[in-house]
Amino acid sequence: MDIATLIGLLGGLAVIVGAMLLGGSISAFFNVPSIVVVFGGTLAVTIAHQKLGRTLGLVGVLKNALFDKQQPVEKLIPLIVSLAQKARKEGLVSLEGEDISDPFMARGIRLGVDGLSPELVTETLSGELQALKKRHEYGHKILRFMAATAPSMGMIGTLIGLVQMLRTLDDPSSIGPAMAVALLTTLYGAVMAFVIFNPLAEKLESRTKDEVASKSLVIAGVASILAGDNSMAIQSKLESFLAPAQREKLAKGS
Amino acid sequence: MDIATLIGLLGGLAVIVGAMLLGGSISAFFNVPSIVVVFGGTLAVTIAHQKLGRTLGLVGVLKNALFDKQQPVEKLIPLIVSLAQKARKEGLVSLEGEDISDPFMARGIRLGVDGLSPELVTETLSGELQALKKRHEYGHKILRFMAATAPSMGMIGTLIGLVQMLRTLDDPSSIGPAMAVALLTTLYGAVMAFVIFNPLAEKLESRTKDEVASKSLVIAGVASILAGDNSMAIQSKLESFLAPAQREKLAKGS
Amino acid sequence: MDIATLIGLLGGLAVIVGAMLLGGSISAFFNVPSIVVVFGGTLAVTIAHQKLGRTLGLVGVLKNALFDKQQPVEKLIPLIVSLAQKARKEGLVSLEGEDISDPFMARGIRLGVDGLSPELVTETLSGELQALKKRHEYGHKILRFMAATAPSMGMIGTLIGLVQMLRTLDDPSSIGPAMAVALLTTLYGAVMAFVIFNPLAEKLESRTKDEVASKSLVIAGVASILAGDNSMAIQSKLESFLAPAQREKLAKGS
Amino acid sequence: MDIATLIGLLGGLAVIVGAMLLGGSISAFFNVPSIVVVFGGTLAVTIAHQKLGRTLGLVGVLKNALFDKQQPVEKLIPLIVSLAQKARKEGLVSLEGEDISDPFMARGIRLGVDGLSPELVTETLSGELQALKKRHEYGHKILRFMAATAPSMGMIGTLIGLVQMLRTLDDPSSIGPAMAVALLTTLYGAVMAFVIFNPLAEKLESRTKDEVASKSLVIAGVASILAGDNSMAIQSKLESFLAPAQREKLAKGS
Amino acid sequence: MDIATLIGLLGGLAVIVGAMLLGGSISAFFNVPSIVVVFGGTLAVTIAHQKLGRTLGLVGVLKNALFDKQQPVEKLIPLIVSLAQKARKEGLVSLEGEDISDPFMARGIRLGVDGLSPELVTETLSGELQALKKRHEYGHKILRFMAATAPSMGMIGTLIGLVQMLRTLDDPSSIGPAMAVALLTTLYGAVMAFVIFNPLAEKLESRTKDEVASKSLVIAGVASILAGDNSMAIQSKLESFLAPAQREKLAKGS
């Protein structure tokens, strides 16, 4: 599912690189000092604006959010229902050998099989969900800060380049290339903000919402399994978590 | 009614094309690489920022929102009242052959004729309304994101064009045309954002509000018909959904 | 009172026209295609973004809001009190011939004289007030949308003009005038937004607040007259609607 | 205390005038038509956007807010306590001759000495406080509107100047000075907004908050004096109005 | 921990200075009048916009917020628990000689040892926390105001420089350097806002949130120690203040 983000980001960058290549060579758009000013400056200011640990945590948050396989909600319910049926028939211990595809659900079941009370399992899983939510929120805020900072650093770089160029107007032939280099930082800042940081922040926000919804459903499902609820009761209870469109998809699938 | 949106959008584009034609030929404003950068770039970033399914769903949402015939509220009430009278006189089954112009109402009536309880019919219709609302909200958010992204992609394209032009200032006669091409992406981005995406987002938001109001009235009306309510009671119950101006219009019409 | 808005708008435009005249002739600032792009474009996009009826209703809303004579609250209370005294002495019917300067109050009194119960009169007047509030809110939103759209259309027009100019740099003497024309659309858009639409939107918002306050007071007063309340009781009841400064003014006047 | 605002505003303007003088003479920055466009235009639009009375009231609001001596809260409490002690010992009438430095408190005491009940005095003072708050809020909103309008009028003036200049490019030597004049309106608008209107709006907002807090304390204090409360009770009652830091300062002072 | 802010800010400035040095000498970026306009102007306007005392307090707020050692929450709980155990075994007075690393906690314990009731100690500490929160909030608002003002003063300085340059276009060789100087103020304003004030404001906000959380925990802990609570009860009570991730870290540490 999150392949869309990777394809989108790479597609956006490909379009930009393509436009650069059309004008001849891409080397005209590659300038080490400009890269240092925009990337380095944005990084430095980002480090300054928040606890170091939270900023470093952003990498992990993004990796988890974009690469972890997340089961669609419509597949989780049949899985939970079948596990509940098995638990009722063969006892909770029979779930020990089950290969459960959702790692969050698997952890909850394992805790229950190991003898924790349903209340404690629910509390533990809820605690993990809260921590995930908080980490994602910080990640989201940091990405927004970077999206606001990168164009500013680009503007600062361009101003520096313009001042340097304007002080040495003796050689007219150097004006054009010098100004081209000065504009590069603005270009870098805009690409970083609008093609990378902003869409990632939006994605992280939307993904967090979906993940919280899905994990809340799993928590309720695991609690029901451990409590030995009737599979019909579980089904109708879990369906209240779904939007109507998802309920319909689920009905078709089963 | 929504003809206004089509006329408005086409009118806005016509005005812009007209202004382009005044300067000679429109071909000066047509540049394939610039189109690819702005359209392709905006598309790629939009795909990256949200689940693919929701982005693809935008087309359907817009089609439904702009082309579906929506009955004015003042016509729905007399329709509901007359159906209620018929149902009371000739029985609910007599509505089976009725040709009901509002498809949402028709679906509700059919479910009731098929034997579902009024409560279940209400729940089903409410579920459909919630799903519609959510789809529209996502559509609205995506359009706003595109309206914010298109000018950014236009600026990136112009910066790329300027850098390319500035590096090859040898031939003065090429400066003008090169800069003209560089500005095209900014122009495309502005037209996309201000003439297309922004008004569509506003329209979708306002249309959603109207549609939710109208469908809520239909749900209440269908429930009353199925419950066999008195037509006078239905009328006064449904009128509480109306703004005073609409109530007056209804009074004049009947 | 609302003469201030007319004087302010005309004054603002006069200052701008004066500045144009200082540079020679005003004809330099008059360009039909530019006018069509900005005015036509803003109009088209405004039509697209909202139900046609609401956009057309804006004219009426503005006319009512800016030209209708609105009685100051401090004059309404003595009027209501004197009507109440007359009604108590000579009976409600004696108000039939009264020439009541506030048309909203007059309508309420007439309904009461015609025999409607105070509750029904209150409900009818409240309904009219709600409808007025809603119309004004739509008017306000549409004006804000136009204030945001006009500069965008101006920018689009300027970009079109710049591209046309840059493609034909052969004749250096034409650069200046061509660029002057290109800038006109930006100028038109800025004047429309900042001198006309924005102040009108602010005025409409502030006027709506004042009118709702004044009409709420009239509704309470008419209800008291019809209920035959004691004039002292009416006075103190209505004064609770006033800000302290208004109460003082009223005390001085009486 | 509010000397800071005057020093700050004058300091800001001095810095700007100093920078102008560095470039030779300040006369280059003085242009009557430009002043008329920005100052006149902003004034006209401000008059248009709100009831005339409220806009004219802004001058009084600013004068009161910036020049009225406001007693620090830490000095008001000992004053109230000592007045309460005197009133309990020598009777309320003994306060008649007191020279009370805070005019708001003095008015309240005088009303009480004149025989009004504590409830009526409280109501009267609260009414005055509400009126002050409302006047300040309008003042604040109007200043924000002016801060947003001035740069817009500056931009309009610059566009007019640019168009005039561009139409008469025949004399190259006149380009520079004409453009310099065109830029003056943007400069005026920026100075008005960022050096004058914006800081004044912030100051008025912060001052209003402080004044409401201080006057609320006076109202409670006057009510206690008139009710003949014990001075210890008054002290502890009033201290609950203070922030902890102020309470400490008060403790040190006494 | 807050070393990150210093490193980030210095790193950001180093990157910018490095970019300046690349163009030859840094002296081209050093201009006393420009510094006076932007720094002095921002300072003057900041002084004008808020009570002088609060603006001067900003320095202390920043020093405390960035340099004070703040104990991580996970270390505070074991400390509180061990103090509670000692107090229960050897009596509250035995804490007198303890060297408590957290000064806020130490002050609370000392007050308790000196005989204040737990309620009074809690009230005193809460009062200090409220005062700290308020000071930080003002500091945060002032930094945001400065971040908004600095670029405006930079723009004003650049406009002044441009007007001066444009009036003396006689010597073409002076245009470049004059424009370079004019741009310096914009550069200064951008660096001040985006590299210094904005990240500091964000940091202060985030630091305030962390500090309030940590001090709230200390207040609850000190109250429990003084009340002679059981150490197990204290532990589980304080853990409810922690996020799940912190709870886990604490579990590992003990």
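The values are calculated or read from the model by the stated rules, or taken from the named source; none is laboratory data. Fair warning: this is a prediction, and the values are worked out from it, not measured in the lab. Please note: Cβ atoms are built from the backbone with ideal geometry, for glycine as well, and neighbour counts cover all protein chains shown. Side chains included, ligands, DNA and RNA excluded: accessible areas come from the protein's heavy atoms. Shrake-Rupley method; radii C 1.70, N 1.55, O 1.52, S 1.80 Å.
Things worth noting here:
- Residue match in segment B:29-39 (condition: without any contact (Cβ under 8 Å) to a residue 60 or more places away in the chain, within 8 Å of another protein chain (Cβ to nearest Cβ) and either touching a helix residue (DSSP H, G or I) at 6+ places or on another chain (Cβ under 8 Å) or within 30 Å of residue C:166 (Cα to Cα) (or both)): yes
- Test: residue A:89 is out of contact with any Lys or Arg (no Cβ under 8 Å at 6 or more places or on another chain), open to solvent by 70 Å² or more (accessible area, probe 1.4 Å) and within 18 Å of residue A:223 (Cα to Cα): yes
- For residue D:81: the one exception among (1) farther than 30 Å from residue C:201 by Cα; (2) within 14 Å of chain C (Cβ to nearest Cβ); (3) not aromatic (Phe, Trp, Tyr): (2)
- Subset of segment E:92-118 (residues that are under 29 Å from the mean Cα position of the chain (by Cα) and within 17 Å of residue E:220 (Cβ to Cβ)): E:100, E:102, E:104, E:105, E:106, E:107, E:108, E:109, E:111
- Filtered residue count, segment D:93-107, keeping only those that are over 15 Å from residue D:77 (Cα atoms) and in contact with a helix residue (DSSP H, G or I) (Cβ under 8 Å, 6 or more places away or on another chain): 6
- Which listed residue, of B:121, B:163, is modelled with pLDDT of 90 or more and on the phi < 0 side of the Ramachandran plot: B:163
- Test: residue E:202 is without any contact (Cβ under 8 Å) to a residue 40 or more places away in the chain, part of a helix (DSSP H, G or I), more than 14 Å from chain D (Cβ to nearest Cβ) and within 26 Å of residue E:63 (Cβ to Cβ): yes
- Scanning segment E:92-137 for residues that are in contact (Cβ under 8 Å) with a residue 12 or more places away in the chain, of a type in the set (A, V, I, L, M) and either open to solvent by 50 Å² or more (accessible area, probe 1.4 Å) or assigned to a helix (DSSP H, G or I) (or both) yields E:92, E:93, E:95, E:105, E:109, E:111, E:113, E:121, E:125, E:129, E:132.
- For segment D:154-186, a residue qualifies if it is facing another protein chain (nearest Cβ under 7 Å) and open to solvent by less than 20 Å² (accessible area, probe 1.4 Å), and the qualifying residues are D:156, D:157, D:159, D:160, D:163, D:166, D:176, D:180, D:184.
- All positions within segment C:23-35 that are part of a helix (DSSP H, G or I) and crowded, with 16+ Cβ neighbours inside 10 Å: C:28, C:29, C:33, C:34
- Hits in segment E:55-81 (condition: open to solvent by 60 Å² or more (accessible area, probe 1.4 Å) and either in contact with a Cys (Cβ under 7 Å, 6 or more places away or on another chain) or in a helix (DSSP H, G or I) (or both)): E:56, E:59, E:63, E:64, E:67, E:75, E:78
- Among the criteria (1) under 30 Å from residue D:129 (Cβ atoms); (2) open to solvent by 50 Å² or more (accessible area, probe 1.4 Å); (3) assigned to a helix (DSSP H, G or I); (4) touching a residue at least 12 places away in the same chain (Cβ under 8 Å), the one residue C:241 does not fulfil is (3).
- You will find that of B:228, B:221, the residue that is open to solvent by less than 40 Å² (accessible area, probe 1.4 Å), part of a loop (DSSP other than H, G, I, E, B) and at pLDDT 80 or above is B:228 and no other.
- When we screen C:190, C:213 for residues that are touching a Ser or Thr at 6+ places or on another chain (Cβ under 9 Å) and part of a helix (DSSP H, G or I), the only hit is C:190.
- Taking first residues from segment E:166-184 that are outside any helix (DSSP H, G or I) and partners that are surrounded by 16 or more Cβ atoms within 10 Å (Cβ to Cβ) and not acidic (Asp, Glu), the Cβ contacts under 7 Å between residues at least 6 apart in sequence or on separate chains come to E:169/D:176; E:169/E:175.
- Among the numbered conditions (1) in a loop (DSSP other than H, G, I, E, B); (2) within 14 Å of another protein chain (Cβ to nearest Cβ); (3) open to solvent by 30 Å² or more (accessible area, probe 1.4 Å), the only one that residue A:50 does not meet is (3).
- Condition met for residue B:148 (part of a helix (DSSP H, G or I), open to solvent by 40 Å² or more (accessible area, probe 1.4 Å), touching a residue at least 12 places away in the same chain (Cβ under 8 Å) and aliphatic (A, V, I, L, M)): yes
- Residue match in segment C:5-22 (condition: within 22 Å of residue C:104 (Cβ to Cβ), touching a residue at least 24 places away in the same chain (Cβ under 8 Å), facing chain D (nearest Cβ under 10 Å) and surrounded by 14 or more Cβ atoms within 10 Å (Cβ to Cβ)): yes
- Boolean, residue C:53 is over 30 Å from residue C:133 (Cβ atoms) and not aliphatic (A, V, I, L, M): no
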